[in-house]
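The next block holds one structure in the form of structure tokens; read it before the comments.
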Amino acid sequence: MRFYRFAHKSPLLPTGLLVLFVLALASFTAGFMARDIESDSDRSAANDDHAAILRSLDTETLKAGRDIYMRACAACHGVDGGALLPFARSFNADTLRYGNDPYAMWQTVTYGKGQMAAQSWLTPEERYYVIQYIREELIKPENPGQYFEITEDYLAGLPAGEEAGQDVVEAAAEGLQAAGMRWAIEHPGDYGNVMYSQLDGKASAVLTIGLDEDVYLSYNVLRMRLAAAWQGGLDLSETKFEQYRGEGRPVISGRELEGLAVWRWEYPGEYAALDMETSPRTPLPAEVMTFHGHYRYGKEVVLSYSILGRDVLEWPAATRDGADLVLLHTLQIGPSERAHRLIVGHEVMAEVTGDVKGMASSGEGGEVFLHIPASDVARTVQIRRRAGVQGGAIEEISAGDTPDLAAMTGGGPSQWPETVVTGGEPDMPRAHYDPMYYEDEDRDTPEKLVDLPEDYPYTVDKIGLPFVNPWNSWIRPTALAFYPDGRMVLTTYLGDVWAADGLDDALDEVMWRRIATGLHEPMGVEVVDGAIYIAARDRIVRLHDLNGDMETDYYETFYADKDVSDFFHSFAFGLQADAEGNLYYAKSGQYTNNATPGDLVRVAPDGTGGTIATGFRTPNGLTVAPDGRVFVTDNQGNWTPANEINLVEPGKFYGYVNNFAERGWSPDGLDVAIPEGEWSAVIDTAAVPDSFTEPVIWLPQEFDNSPGGGIWTDANWGPLGDRMLNTSFGKGWAYYLMFDEVNGVTQAAAAALPFQFDAGTQRVRVNPADGQIYLTGLTGWDDGFATRYAHLDRIRYRGGEGQYVTETHVKSDGIEFTFNFPVDAAAASDPARYDVSRWNYKWQRRYGSYDWSVEHPEEHGRDAVPVEAVQVDGRRVRLVLPDMQPVDQMLVRMQVPAVEGGILKEAVYLTVHKVPGS
């Protein structure tokens, strides 16, 4: 049994895809080919019958469209269609900038326009659902002049579907963004028969095991009891297995086995009260219950846990006895001075065989109990359960032979022995647009791109991902790390872990092996002393290869997260270690049922740990500096005026206040009554503090509209060595930081590298073997720039010094920049070469912030700052500016000529917390 879109489908590739698999391996080995950016006119919806979709719209699709609008659109366009941000259209009042007919609106949603990001995470049909809601509920009643009447002539002119276009399988094999979601729907992947996830209506952290006879058991790993048992399948159609975002939960599909779903250890006295009082999202204390992890032996699974200090191995299985379904649980129960009681079902018939000395049974209220005495030795028993009406004592408890579980915990047969070979293409850099053109529809035209000289010191090597693989696994990378010898470990959104070798200069033969699967949406990975640690939503998992075949045999719980939300966006972002071996990851405060308003979690080398700072909204990444400082990024939104990078101090609060809820989530899982017609509600669960610890740098949307994680570069990595490099998920860019300390306060400036990557970039690492920078990421959120649904690239230093700003320092009378080249003093002293502006943000509950004037604090906008003088001294340029004062954001655009020729055109963004002498 395997997990597919609906479980229990053939794991074999279709014949056509098998042929394609062979061809693709050959072409990937030959080289990973770059693809030009397509214009909207080229990116036609060739396989979508637009007229048919529009004719299918009804009251149900209108409701679905409203849900999408409230989740994804209302933050900018307003719940009632009145825009909340200056760049957003008011549907209830404005003229639609890019067309008001449904197909024009569909193109805007699909490809993005201006500052409107592409919403490609929606299916083509869902895009029309939200357009239906906007047209019928927001435009038609209040802005009828913008309401377009659909006629039969109009419908006849729309793309009819099945037009000429690239085959979806071929396009998905290239990783093309437009094909990924459709390919995943049409070609379900094989993700094994074990999966960590939430389970709709049951628990926020379960381990679901597919057994024979189409039986599924979901164990609540926060309590180590069954959450559900059923026959049928596991419906993953609303999750990331089929959708770019996948906001739904896995859903039981089939017949629940209610009496057999009762399987739990009983806690006596004070422990029973603790079980009831502990949040259902929180694991019980380790002295009460610890889920150690699970072993794989082929398709068999052995659970490892302890109950009140007593170690247990459990192997679940299913079989038939005539027409009866029988569940078997083989338990190896460790020694203990305490007796235990196991509830084996409700109105079931059960038998126990094995080392049963001193065991007894009883029944109460339909529940069947097995009494296990104290023992100074381990013992093994097998419990056979079937549905029935007995509800009393176990039928038979007898001595007998039992399976040897020790034989299943030393490593099993290989599950994924195949090696997938891809290639790469060195020297394929592509320039991104200048941030000044952020609002322009044609910002990707050549004249609006940043400079990328032929002799630029760095280049980009594209590395082929294993898009085509024997298991149809949808490759959507979330994180990467390296072994000391240069082998890469890569995680995917769908729970895979892959290892790659062959990352040499030529990239002729990159060899990929699948080494693990079934993890709960991993967003971080680290390698410490040769061991792989994965930050999944519910825990940090340490992977163990017990027999040397590269595959994971034991998935160990290294650290169980203390609050596991069941809402879809509750990720554990990033995973990096400091020099002492402590691991760090960050958690969201918004879009989560967690009790705290976003956390930075630190886990010690012994596996103990917890929250050290709070106040993060959606912190998609972190950076641990060589000196132990920890930086956490965060994304603009409610209580987060702009994107930001925080230097974290233990015990501090960083701004996000969890005092409101939306439909689907609420702080601490509270039952919040949201008024009819509204999507969110303010609640009084958290007092708004007077202040918060501000970031070292704010980042406006034009520069980074969704920060990812960062890394500290190698000291030998050319002119940008030994400094912090951060990624932009929302742009597909990377940029470097320049830190400035004034009177003990750290503030920073940022400048972007010129490279455009093909998908959202969220994780970056230094390969210790070659010292180069590797970046990866996926699509699914702000990805209007994306051409592929995943990318893996290397920024390689190829020699030379280039021209860079290397230091930025705030002075009492202006700003001083240091460059890595001698500056032409005569030419650079012209103030006309510099353009300076500044503005503030407001910290408030609403989504993001306007730009607010410094000179006129109650007015929107940016203030131009005159450059009074320019002082040049070798490699330093000081801009003399009036009225230097703390400000949230400054932008300095410059054109700085070098003595040896060439002009550096750069945009530097900085935050000023302290001015020397102020």
Centroid-to-centroid separation of segment 223-243 and segment 321-382 [C-alpha atoms, Å]: 27 Å
Using a 1.4 Å probe on heavy atoms of the protein chains only, the accessible area for K842 in Å², nearest 10, reads 70 Å²
In terms of the charge dipole of the chain, which places +1 on Lys and Arg and -1 on Asp and Glu at the beta carbon, the residue among S691, Y847, P886 farthest towards the positive end is S691
For a protection proxy built on the mean count of beta-carbon atoms within 10 angstrom, sort 352-363, 171-182 highest first, please. 171-182, 352-363
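Would you mind working out the accessible area per residue for the chain, using a 1.4 Å probe, and quoting it in Å²? Working shown, then result.
Working: 33030 Å² over 918 residues.
Here the residues of the chain average 36 Å² of exposed surface.
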Segment 805-912 - charge dipole about Cα centre, Lys and Arg +1 at Cβ, Asp and Glu -1, debye rounded to 20: 360 debye
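May I have the convex hull volume per residue, in Å³, for the Cα set of segment 593-693?
Values: hull volume 12.0 nm³, N = 101.
That works out to 118 Å³ per residue.
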Given segment 326-367, what whole percent of its Cα pairs are spread farther than 11 Å? 74 percent
With only helices counted (DSSP H, runs n ≥ 4, each -39500 (n - 2.57)), the per-residue ellipticity at 222 nm for the chain, to the nearest 500, works out to -3000 deg cm²/dmol
I need the Debye-formula profile for segment 805-912: one equal scatterer per C-alpha, no solvent, reported as log10 I(q)/I(0) at q = 0.19 1/Å, two decimals. -0.91
At a Cα cut-off below 19 Å, give the lysines reachable from K842, other chains included and same-chain residues fewer than 8 away excluded. K914
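Using only alpha carbon pairs under 8 Å that are at least six residues apart, calculate the relative contact order of segment 805-912 and give it in whole percent.
Working: 241 pairs, mean separation 33.2, N = 108.
The normalised contact order for segment 805-912 reaches 31 percent.
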Once amide H atoms are placed 1.01 Å from N in the peptide plane, what residues at a sequence separation of 5 or more from G760, or on another chain, have their amide H within under 5 Å of its amide H? L778, T779
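Would you mind telling me the share, in percent, of accessible area of the chain contributed by carbon and sulfur at probe 1.4 angstrom? Don't jump to the answer; show the numbers that get you there.
Details: 15890 of 33030 Å².
The value for the chain is 48 percent carbon and sulfur by accessible area.
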Once phi is turned into θ = phi - 60°, what whole-Hz ³J(HN,Hα) does the Karplus curve with 6.51, -1.76 and 1.60 give for every residue of segment 528-544, x standing for Gly and Pro? 10, 6, x, 9, 8, 10, 10, 8, 9, 4, 9, 5, 8, 10, 9, 8, 10
Once you treat every alpha carbon in segment 690-822 as an equal point and sum by Debye, what is log10 I(q)/I(0) at q = 0.14, 0.16 Å⁻¹? -0.69, -0.88
Amide proton proximity set for D167, modelled H, under 5 Å, gap of 5+: none
Karplus ³J(HN,Hα) for segment 444-449 (6.51 cos²θ - 1.76 cosθ + 1.60, θ = phi - 60°; Hz, whole; x = Gly/Pro) runs 8, 6, x, 6, 9, 8
Spatial separation of Cα centroids for segment 865-892 and segment 727-776, in angstrom: 24 Å
Using the C-alpha gyration tensor of segment 545-657, what are the square roots of 5 times its eigenvalues, in whole angstrom, with the largest one first? 26, 17, 12
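Report, in debye and to the nearest 20, how large the dipole of segment 516-650 comes out about its Cα centre when Lys and Arg carry +1 and Asp and Glu carry -1 on their Cβ. Numbers along the way, then the final one.
Values: 8 positive and 20 negative charges, 105 e Å.
In debye, rounded to 20, segment 516-650 gives about 500.
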Percent relative contact order of the chain, based on C-alpha pairs within less than 8 angstrom and at least six residues apart? 9 percent
Can you list the lysines whose alpha carbon sits under 30 Å from that of K63, skipping same-chain ones fewer than 8 residues off? K113, K140, K202, K240
Given Cβ point charges of +1 (Lys, Arg) and -1 (Asp, Glu) and nothing else, what value in debye, to the nearest 20, does the dipole of the chain about its Cα centre take? 1120 debye
Contact order relative to length of segment 50-162, as percent, for alpha carbon pairs under 8 angstrom and 6 or more apart: 34 percent
Angle, helix 59-72 long axis vs. longest principal axis of the chain, Cα atoms, 0 to 90°, nearest 10? 60 degrees
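The values are calculated or read from the model by the stated rules, or taken from the named source; none is laboratory data. Just so you know, these numbers come straight off a predicted model, no measurement behind them. Don't worry about glycine lacking a Cβ; one is built from the backbone with ideal geometry, like all the others, and counts go over all protein chains shown. These accessible areas exclude ligands, DNA and RNA; they are computed on the full protein's heavy atoms, side chains included. Shrake-Rupley method; radii C 1.70, N 1.55, O 1.52, S 1.80 Å.
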